[in-house]
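Quick notes on the structure that follows.
The values are calculated or read from the model by the stated rules, or taken from the named source; none is laboratory data. Since this is a predicted model, take the numbers as computed values, not measurements. Cβ atoms come from the backbone with ideal geometry, glycine included; neighbour counts cover every protein chain shown.
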Amino acid sequence: MKAIAVFPESREIKYIEHPEPQITQPQQVKLKILDVGICGTDRHICAFNFGERPPDSNYLIPGHEALAEVIEIGSAVEELQVGDLVVPEVRRPCLDSTCRACQAGQQDYCYTGTYSERGIQELHGYMTEMVVEESTRHLHYVPPQLREIAVLTEPLTIAEKAYAQIVQIQQRLPWFPQAITDQQPGRGLKALVLGAGPIGLLGAMLFISKGFETIIYSRSPIPNEKATLAQEIGATYVSSMETRPETLARQYGPIDVVYEAVDAAPIAIEILPHLNRNAIYLFTSPATPEEPFGIDASEALRTLTMRNQVIVGTVNAGPATFTAAIEDLALFQQRWPHTLSALITERVPLTQAPTLLTQKRPGIKYVVNPARS
Ligand SMILES: [Zn+2]
Ligand SMILES: [Zn+2]
């Protein structure tokens, strides 16, 4: 069968022939890959910035944002049937029995760092025709009516995990638990989403659905496609090229929650002094700035302390956030059907993946269809 492969030694991305996996154990599940999303992480892997091939292979098959169909099940599998649609988790637990996070099924918080990740870290990913999963443990059932958009599940889990942490962290405010039992926990609060890529736009949908007044702060001047989509969902789009952070804070008032999805641009730090009292700032993208940039650390620490603020880094997502993302995609599909499908710019065959993985093209989310030639 066909696959895309990243060869780190020779620094090549190739369309290759890869052996078709077979079910050999009763708990295993064989999947046909329907859709695989391409994201910034894949582009970093294909620029050889990070990523690790499996120890027994001289290449890594990339791709971690997948939607698949169950095509065969082992004799002991009861939770899924042939024909079911599933979204797989990305990260798999480490093998250290003292890792409390992995032991608790929360490998997104793994202590040892020896976890593996499909398509990223020592496990092949989904840019291929078929895969075999060891069990149903890391697979999430998707209702058939989400077929066209379920490839967006994994990018939405990033926002779901961030939101779950906001809810947890704000328990420190004695009046907040009351607010979260409300239908609109974000009511009266302002969320700032940094970046208008898929992670940013899906995050904005989540914050709006939770009742936050939501501003998307991104580079491109208005008008542009992303600003139009932001408007469709009821977010305010502000261009960072037209409005500086200090002006943004003056115009829209202090920010209660910042959801960073902008790949560590200096703007992510420049917004810090403009947050409200008791604000939370969640960083989601690993810092890869072109060149180092700095801030006045003593001023930043003073503001953090004087305003009871919390800064959190968040990576990957656990099982509960996948369940939440699938439920919320169904809600978004009812509320914003056009916006949701407009996030997928184009579906392309596997042969076009190497080009898309190595060159940034205009648009929002490109999706690879391994079954299409
Ligand atoms: Zn991704
Ligand atoms: Zn672990």
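Only one residue in ARG100, ARG118 is within 16 Å of ligand 1 (Cβ to nearest atom) and either in contact (Cβ under 8 Å) with a residue 12 or more places away in the chain or of a type outside the set (A, V, I, L, M) (or both), so which one is that?
ARG118
Let me spell it out: the conditions are (1) in contact with a strand residue (DSSP E or B) (Cβ under 9 Å, 6 or more places away or on another chain); (2) surrounded by 15 or more Cβ atoms within 10 Å (Cβ to Cβ), and LEU156 meets all of them except one. Which number is the exception?
Here LEU156 meets the rest and fails (1).
Evaluate segment 289-310: report whether one residue or more is buried (at least 19 other Cβ atoms within 10 Å of the Cβ) and in contact with a helix residue (DSSP H, G or I) (Cβ under 9 Å, 6 or more places away or on another chain).
For segment 289-310, residues buried (at least 19 other Cβ atoms within 10 Å of the Cβ) and in contact with a helix residue (DSSP H, G or I) (Cβ under 9 Å, 6 or more places away or on another chain): absent.
Filter segment 328-346 for residues that are surrounded by fewer than 14 Cβ atoms within 10 Å (Cβ to Cβ) and either over 21 Å from GLU232 (Cα atoms) or among the aliphatic types (A, V, I, L, M) (or both) and give the result.
Once the filter is applied, which keeps residues that are surrounded by fewer than 14 Cβ atoms within 10 Å (Cβ to Cβ) and either over 21 Å from GLU232 (Cα atoms) or among the aliphatic types (A, V, I, L, M) (or both), segment 328-346 yields only LEU331.
Take the conditions more than 16 Å from ligand 1 (Cβ to nearest atom), basic (Lys, Arg) and at negative phi and apply them to ARG137. Does it pass?
yes
Within segment 102-150, which residues are aliphatic (A, V, I, L, M), within 16 Å of ligand 2 (Cβ to nearest atom) and in contact with a Ser or Thr (Cβ under 9 Å, 6 or more places away or on another chain)?
ILE120, LEU123
Restricting attention to segment 222-279, which residues are surrounded by 18 or more Cβ atoms within 10 Å (Cβ to Cβ), of a type in the set (D, E, K, R) and within 28 Å of LEU304 (Cβ to Cβ)?
ASP256, GLU260, ASP263
Answer with yes or no whether LEU123 is away from ligand 1 (no atom under 16 Å from the Cβ), at pLDDT 95 or above and aliphatic (A, V, I, L, M).
no
Could you tell me whether LEU340 is under 19 Å from GLY200 (Cβ atoms), among the hydrophobic types (A, V, I, L, M, F, W, C) and part of a helix (DSSP H, G or I)?
yes
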